[in-house]
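Notes follow the structure.
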Amino acid sequence: MKQNVPLVRNFSALEPYQEAYTLACSLETEGQGCWLTVSRTKAPDDPADTARTWVPAPEEECGRLLQFLYENSVQPELWQDAISCWYPQTEQAENLREGGASCEL
């Protein structure tokens, strides 16, 4: 597995709308695809909110997708939805990895 350097953004507090936080996005290549990961940390002592998704695409395509997600500051809660719009097969792959069933009509 090859891991690239994470892309990191620091966001300032905007009272009362937003707390300060750090968003880190990373890519790890493995076999015929990549793992894309996002992590949001609000304070050093707080646990990070993390989302990780398998994308069955070449490393170059995964890199472009990661850059898009990073530049648009896609949060962990929306990570899977945003990636599924680009690669609908990722949702099916995640369901199978989690032991769910996949069905196409």
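Read-outs: derived from the displayed coordinates by stated rules, not from any lab. Predicted, not measured: the structure shown is a model, and the values here were computed from it. Ideal geometry is used to build each Cβ from the backbone, glycine not excepted, and the neighbour counts take in all protein chains shown.
Footprinting exposure proxy ranking of 54, 35, fewest other C-beta atoms within 10 angstrom first, gives 35, 54. Remark: 73, 26 ranked as 73, 26, counting other beta-carbon atoms within 10 Å and listing the fewest first.
Ordering 40, 9 from the fewest to the most neighbouring beta carbons within 10 Å gives 9, 40. What shape does region 1-47 take by its C-alpha gyration tensor, where a ≥ b ≥ c are the square roots of the eigenvalues and a/c under 1.5 counts as rounded, a/b above b/c as prolate, and the rest as oblate? Prolate shape, in that a/c is at least 1.5 and a/b is the bigger ratio. More than 12 angstrom separation, counting every C-alpha pair in region 26-77; what % is that? Tail fraction, whole percent: 63.
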